[in-house]
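*Asks:* The structure's right below; bear with me while I get my questions together.
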Amino acid sequence: MLDLVLKFVSCSRVAGLRISTAEVLDCITQLELIDVMDETQFAAVLRANFAKSRREQAKFDHLYHLFFHELRQDAGIAHSGTLADQKAEILNALKMQVNGSQTAHAIIDLLGDDPSSFLEALRQIQSPGEGQSAGMGANLGSVTQRLEMLLGLRNIKGALSQFLNENRSRIPWEDRRDLMSHFDDRLETARRLLMENPRPGYELSKPIKSYDRHLKELGKISFASLTPREVAEVRELIEQLVRKFKDTVSRRYARANSGVLDVKKTLRGSAKYQGIPMEIFFRSRPPRKGKIVTLCDLSGSVWSAARFMLNILYSLQECFTQVRSFVFVAGLDEVTQVFESFEINHAIDKVLSEADIDYHAATDYGQTFREFKKDYMDILNKKTTFIIIGDGRTNYTNPEEGLLEEMRDRCRRIIWLNPETELFWHSGDSEMRLYQTYCHEVRPCQNLNQLIDFIKDLVL
């Protein structure tokens, strides 16, 4: 076991790990306190002594797997005396044929269970010397070395096949099969190490997707296609964005309040300073916030988007003087008190399950407009922004576009958000072609990016 550990230490040092003699002695002492046949304990002791950082831990794990699993030192041909002697004979014969080639000798040493030379060659390819050029084409040297080693692997494999074929009468068929299978495994390992050539700690330095990039990619996904995990993430992102918008609005109002000079108050205050305006007074006006009235379709065709719309509109209540929220399918129900009385997620769950409407009825925009005119038309005025959320599909009932025109005349503006793809707005029972003539703005809103653009325009 001691020789095996020392051999691993030698290979690790060649590969670039910094291992001192004191650390080796500590490791040997600690191995006496554990069951070395338990690989978990054995690997933990070696890692604790030889890997001193996360980057070195990644490199250690790679070397450990290579040395104790792929190039197993204590199993296979090493336990068979006849095959081990034949293997040594073949490798000695190959060394006589390569005429001092360092690349070939490194490969032969790898086949002979000594990967030190091969690891040293890989380290030189990965980290070229300081004297090499760092300008354009500086990697040509490493490419040349890599190609030379690939050619050496092919030549060694050919020499092995030729040697075994020439000694058919002396080496039994079963031994030739086992030897060639063993050599093929080692050559494949060498080829993989050469082609992959993992840099130390590479997995720790993978490019991290920025928040903005992640938000942009997530924002392209349609609300109807979001997974449960993505739904929770989108809701969290919406809350963060709303908080950001609220801060922006607050700063804007604060700047507006301090930017208007109150001339009369400043002149009156200067009387006690012999007419010198030592104190400057500004007008303190409350922010002129608008009113919002929302009308949200909760039918099955827009169910996937309704939750996000309600989430945004609930969170924006502090940005406006008053927010009145209504939901409908074939009938109408006000849910303002629900939003004011419950936490956001609880409130939205109650709206989507307990509102006084028939969730399974066919959507009827005409009936909804008639009920709104009868009970709530007086809440619309020239300070009101009226937001309608729905796909405009009336199930071939009376669209009552005249009532929408009356609402337009009473309020500041009407904005219609349609969660359906714009391509289908004028197909089937959709009345969007008719409704959009009475709206100040009609815009698609089927993913997070489009929803964010709408909120920016509405709040900022």
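*Asks:* Could you check Asn345 against (1) surrounded by fewer than 20 Cβ atoms within 10 Å (Cβ to Cβ); (2) farther than 27 Å from Arg243 by Cα and say which number it fails?
*Replies:* If we test Asn345 against (1) surrounded by fewer than 20 Cβ atoms within 10 Å (Cβ to Cβ); (2) farther than 27 Å from Arg243 by Cα, just (2) comes out false.
*Asks:* Same structure again: Take the stretch 38-55 and flag every residue that is at pLDDT 85 or above and either of a type in the set (A, V, I, L, M, F, W, C) or closer than 20 Å to Arg123 by Cβ (or both).
*Replies:* Correct list: Phe42, Ala43, Ala44, Val45, Leu46, Ala48, Phe50, Ala51.
*Asks:* If I ask for residues that are modelled with pLDDT of 85 or more and farther than 16 Å from Ser299 by Cβ, which ones from the stretch 411-421 would you list?
*Replies:* Just the residues of the stretch 411-421 that are modelled with pLDDT of 85 or more, to begin with: 411-420.
Those that are modelled with pLDDT of 85 or more and farther than 16 Å from Ser299 by Cβ: Cys411, Arg412, Arg413, Ile414, Ile415.
*Asks:* Let me ask another. Report every pair of residues separated by at least 6 positions or lying on different chains whose Cβ atoms are under 9 Å apart, first residue within the stretch 438-460 and at pLDDT 80 or above, second among the β-branched types (Val, Ile, Thr) and surrounded by fewer than 18 Cβ atoms within 10 Å (Cβ to Cβ).
*Replies:* From residues that are at pLDDT 80 or above, the pairs are Pro444/Thr421; Gln446/Thr421; Asn447/Ile221; Leu448/Ile221.
*Asks:* Enumerate the helices (runs of 4 or more DSSP H) found wholly within the stretch 339-433, keeping only those where 1 or more residues are over 23 Å from Ile292 (Cα atoms). Give the steps one after another, and end with the answer.
*Replies:* Numbers: elements: 344-354, 365-376, 401-410.
Here the list reads 344-354.
*Asks:* Now, a different point. Is the stretch 289-311 home to any residue that is over 37 Å from the mean Cα position of the chain (by Cα), assigned to a helix (DSSP H, G or I) and either β-branched (Val, Ile, Thr) or modelled with pLDDT of 85 or more (or both)?
*Replies:* no
*Asks:* Exposed (fewer than 15 other Cβ atoms within 10 Å of the Cβ), more than 28 Å from Glu239 (Cα to Cα) and among the small types (Gly, Ala, Ser): is that true of Ala330 in this structure? Break it down stepwise before answering.
*Replies:* On the way: exposed (fewer than 15 other Cβ atoms within 10 Å of the Cβ): no; more than 28 Å from Glu239 (Cα to Cα): yes; among the small types (Gly, Ala, Ser): yes.
In short, no.
*Asks:* Return the pairs, sorted by first residue and then second, in which the second residue is of a type in the set (Ser, Thr, Tyr), the first residue lies in the stretch 336-354 and is assigned by TED's automatic domain parsing to the domain that holds Ser299, the beta carbons are less than 7 Å apart, and the residues are 6+ apart or on different chains.
*Replies:* As it stands, the answer is Thr336/Ser325; Phe339/Tyr314; Phe339/Ser325; Ile344/Tyr314; Ile344/Ser315; Ala347/Tyr314; Ile348/Tyr314, since those pairs meet every condition given.
*Asks:* Also: If I ask for residues that are surrounded by 14 or more Cβ atoms within 10 Å (Cβ to Cβ) and among the acidic types (Asp, Glu), which ones from the stretch 350-381 would you list?
*Replies:* Asp364, Glu371
*Asks:* Looking at Ile156, is it touching a helix residue (DSSP H, G or I) at 6+ places or on another chain (Cβ under 9 Å) and modelled with pLDDT of 80 or more?
*Replies:* Working: touching a helix residue (DSSP H, G or I) at 6+ places or on another chain (Cβ under 9 Å): yes; modelled with pLDDT of 80 or more: yes.
Taking the combined requirement at face value, the residue satisfies it.
The values are calculated or read from the model by the stated rules, or taken from the named source; none is laboratory data. These figures come from a predicted structure and were not determined experimentally. Neighbour counts run over all protein chains shown; Cβ positions are idealised from the backbone, glycine included.
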